[in-house]
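**Q** What follows is a structure written as structure tokens; I'll ask about it next.
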Amino acid sequence: MPKDEALKAWTQRFTLVMLAFMGFMVIGYLALISFYPIPPENTRIVDTTQGFLMGTVLNAVISIFTQFLIPKKDLEQDEKQQGNN
């Protein structure tokens, strides 16, 4: 049992490190395109990339907030009710 807990803790730590790394990369990219002059022929690809990254970040924020706002007991009860039907 301790091996399972250690693996779970390592996996959670790895996930948090990867999320932090990706977050810093997104913030760096958005800061770069905000302050660095972009050639006119590259404007559309930068706009598309910016929209994709901002949508992904917004989706992650909403997912995290809803994960913590919905009590787990309600989810477990819903799963049991679906299993009985």
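What follows is calculated from the coordinates using simple rules that are stated; it is not laboratory data. Predicted, not measured: the structure shown is a model, and the values here were computed from it.
**Q** Taking 0.36 nm per residue of separation and subtracting the Cα-Cα distance, what length does fully extending A20 through T66 add? Each step should come with its number before you reach the end.
**A** Numbers: separation 46, 0.36 × 46 = 16.56 nm, distance 1.94 nm.
Residue separation times 0.36 nm, minus the Cα-Cα distance, leaves 14.6 nm.
**Q** Work out from phi, with θ = phi - 60° and the Karplus expression 6.51 cos²θ - 1.76 cosθ + 1.60, the ³J(HN,Hα) of each residue of the range 51-66, listed in order in whole Hz, and give x for Gly and Pro.
**A** Result, rounded to whole Hz: x, 4, 5, 5, x, 5, 5, 4, 4, 5, 5, 4, 4, 5, 5, 5.
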